[in-house]
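The values are calculated or read from the model by the stated rules, or taken from the named source; none is laboratory data. Keep in mind it's a predicted model, so treat the numbers as computed, not measured. Note: ideal-geometry Cβ built from the backbone for every residue, glycine included; neighbour counts use all protein chains shown. With ligands, DNA and RNA removed, areas are computed over all heavy atoms of the protein, side chains included. Shrake-Rupley method; radii C 1.70, N 1.55, O 1.52, S 1.80 Å.
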Amino acid sequence: MHSTTQTPDPTALIRQHSSLLRCEDGIPYRDLNKNGKLDIYEDPRQPVEARVADLLSQMTLEEKAGLLFINGAVVNEDGSLELQPGGPPGVAAAVDQIQHQQMSHFNLWQIPSGQVVADWYNRLQRFAEGTRLGIPVTIASDPRNHFSNTIFSMRARDFSQWCETPGFAAIGDAQLVRQFAGIMRREYLAVGIRMALHPQIDLATEPRWPRISGTFGEDAHLSARLVRAYIAGMQGETLGAHSVACMTKHFPGGGPQREGLDPHFEFQQGQVYPGNNFDYHLIPFEAAFEAGTAAIMPYYGVPLDQTDENVAMSFNKAIISGLLRQKYAYDGVVCTDWGLITDAHMGDFIWPARAWGVEHLTEAERVLKVLEAGVDQFGGESCPEHVVALVKAGRLSQERLDRSVRRLLRLKFQLGLFDNPFVDEELVPHIMGNPVASAAGADAQKRAMTLLKNEGGVLPLIGEKKIYVKNVDPAIAAQYAQVVATPAEADFAILRLDTPWVPVETDNGFARSFHHGDLDFKGEAKAEILRLLAEVPTIVVIYLDRPAVIPEISAAAQALLADYGASDTSVLDVLIGRARPE
């Protein structure tokens, strides 16, 4: 046996596992078939569609059904595949979902270091190699590369930390967005993440909505310009072995939630479009289609009175088949948002499935309605038995099932996963934590800041200053100025704030962590801030994960700076003039 030629691009991270691959004329494949011939689906010399058709013809009903589901996977600290005691409740090991449910798509939540993930990923692909057809695994992830205070960015060690997407919109530099996406792509490839559950291109037209920090803001045309750059940086000009596929979300736009209440939860009020602005929210998605996004995710929301039935997007045939598939001729993968079919059991609390408008349907009936709407895959679910039962009962045709299976297999082939799914673990430390990438991320944090007020030209702070800091690490601040213990001793105070929010009254702990509600400080919280501002000239730095309503604070502050996800170091670099807020 001999190895394949490694690509000259180190970011592709190709690793030859000669014990698992054989070669014929230098072409890697898993094995010869029973007749000693090379199956088309194993032969990268064949067109993708031929390989898809060949593999599809060999799949059982159960194997097809398993392909339609993607759910979470646990990565242990030692990279092992089996569940360990004390792990997160209600999450099955990926190997169990492969073995018992024929699944081959998984998403990652909180993870250890990149080195551990790469080790785990290669072990998982070896396990998948041993299944009947050897279908490789596709790993997906939410964003990991933003310096974030919200629950929507899955931070982990080693990934470079940039501003959040509203910060890129504030800068408005499409080339910077493409650079960011390219660095993110290399880091994802290093550890085996091949599907990005982003970009999020909803429009922030409802300022109270909790998910604004994941968007490019409220301007549809700016969002369109930046999403083109984002997808180009992640996928390249064409999908291939060097690509991370983008699952762009949330079609047809999740921003216009009535009263800003997020449809993760049953207290949501549906999506509304004052001024008949439904089409405005489609503009960024039209750009994503032009850029060739590999996949689309609809949101949980109900588009009130926009279609023939008030049901959530993934159940809505007018939205998926009519608008997405027919009007936009979109033939890529469409995957639901997470948890539309089954209830989630969180201790003694049951979080109902996000089956808004079809709550009365059984789990199997919900699965059927999603597929009839035109969706291919179920996010956050592991219940392929419903698909099997629907086919056997004659309620779901093989032809309809095969249509979605083709799309999902096609993407695996396009990403080169059938040719070589492994990563080079030796390259991980050279890519993850790379100082150039880390510096670029920190620079973006600084550039994104917005100077809103600078009374008397107090900024930048020049010369020897005594500063009092609140919500800033004193040890970091001490590297920039003399930190004092009380406001009375200080020349200036530096105060970091988060945009206010009000927890929703609910038994759902996850819902209470969403930043719903009013955008202004109230009562004692506001009074405490104003007392400090009255005592000493104060520079206020506010993190805008949503807009903030702070007229009294703005009036009393000596200077006011907005950030979109930034470290204390980045903030202080701007305050003393080492970096410029753009």
Problem set entry | Exposure ranking of 162, 351 by accessible area [1.4 Å probe, largest first] | 351, 162
For this session: Using amide H atoms built 1.01 Å from N in the peptide plane, name the residues 5+ places from residue 561, or on other chains, whose amide H lies under 5 Å from its own.
Result: 452, 540, 541, 542
Exercise. List the GluC sites (Glu not before Pro) in region 431-492 that DSSP assigns to loop (not H, G, I, E or B) and whose Cβ has at most 16 other Cβ atoms within 10 Å. Which are they?
Worked result: 464
Seminar exercise, completed: Scalar couplings 3J(HN,Hα) for region 526-531 by Karplus 6.51 cos²θ - 1.76 cosθ + 1.60 (θ = phi - 60°), nearest whole Hz, x for Gly and Pro, are 5, 4, 5, 5, 5, 5
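Which value in deg cm²/dmol, rounded to the nearest 500, describes the helix-derived mean residue ellipticity at 222 nm for the chain, given -39,500 (n - 2.57) per DSSP H run of n ≥ 4 and division by the residue count?
Roughly -9000 deg cm²/dmol at 222 nm, from the helical runs in the chain.
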Exercise. So how tilted is helix 435-448 from the main axis of the chain? Cα-based, degrees 0 to 90, rounded to 10.
Worked result: 50
Problem set entry | Distant-in-sequence amide H partners of residue 582 (H built 1.01 Å from N, under 5 Å) | 448, 449
Exercise. Looking at this model, which pairs from 466/522; 453/522; 327/392 are more than 24 angstrom apart at the alpha-carbon?
Worked result: 466/522; 327/392
Exercise. Which of the peptides 315-324, 44-53 is most tightly packed, and how do the rest follow, going by the mean number of other Cβ atoms within 10 Å of each residue?
Worked result: 315-324, 44-53
Exercise. From the backbone phi of region 176-187, what are the Karplus-calculated ³J(HN,Hα) couplings (6.51 cos²θ - 1.76 cosθ + 1.60, θ = phi - 60°) in whole Hz, Gly and Pro given as x?
Worked result: 5, 4, 5, 4, 4, 5, x, 5, 4, 4, 4, 5
For this session: Count neighbours as other Cβ atoms within 10 Å of each site's Cβ, and list the trypsin sites (Lys or Arg not before Pro) in region 497-532 that are DSSP loop with at most 13 such neighbours.
Result: 522
Exercise. Name the trypsin sites (Lys or Arg not before Pro) in region 83-147 that are in a loop by DSSP and that have at most 11 other C-beta atoms within 10 Å, would you?
Worked result: 132
Exercise. Can you give the three extents of the C-alpha atoms in region 258-365 along their principal axes, from longest to shortest, in whole Å?
Worked result: 46, 31, 23
Exercise. To the nearest 10 square angstrom, how much accessible area does residue 248 have with a 1.4 angstrom probe?
Worked result: 0
For this session: Determine the percent antiparallel among the DSSP beta bridges restricted to region 184-335, to the nearest 5.
Result: 10
Problem set entry | Candidate lysines for bridging to residue 446, where Cα separation is under 21 Å - those fewer than 8 sequence places away on the same chain excluded | 470
Exercise. Of 346, 195, which has the most accessible area with a 1.4 Å probe, and how do the rest follow in descending order?
Worked result: 346, 195
Problem set entry | Beta bridge orientation in the chain: antiparallel %, DSSP, nearest 5 | 20
Exercise. In degrees between 0 and 90, to the nearest 10, how far off the longest principal axis of the chain does helix 398-414 point, with axes built from Cα atoms?
Worked result: 60
Seminar exercise, completed: From highest to lowest solvent-accessible area (probe 1.4 Å; ligands, DNA and RNA excluded), 447, 403 read 403, 447
For this session: Measure nothing fancy, just the Cα-based angle from helix 220-235's long axis to the longest principal axis of the chain, in degrees from 0 to 90, nearest 10.
Result: 50
For this session: Return one whole number: the accessible area per residue of region 122-250 in Å², for a 1.4 Å probe.
Result: 27
Problem set entry | Candidate lysines for bridging to residue 369, where Cα separation is under 16 Å - those fewer than 8 sequence places away on the same chain excluded | 317
Problem set entry | Neighbourhood charge, 14 Å Cβ-Cβ cut-off, centred on residue 526 and excluding it, Lys, Arg +1 and Asp, Glu -1 | -4
Exercise. How large is the convex hull of the Cα atoms of the chain per residue, expressed in Å³ as a whole number?
Worked result: 160
Seminar exercise, completed: Looking only at aspartates and glutamates whose Cα falls under 18 Å of residue 465's and that sit 8 or more positions away or on another chain, we get 455, 473, 489, 491, 535, 568, 573
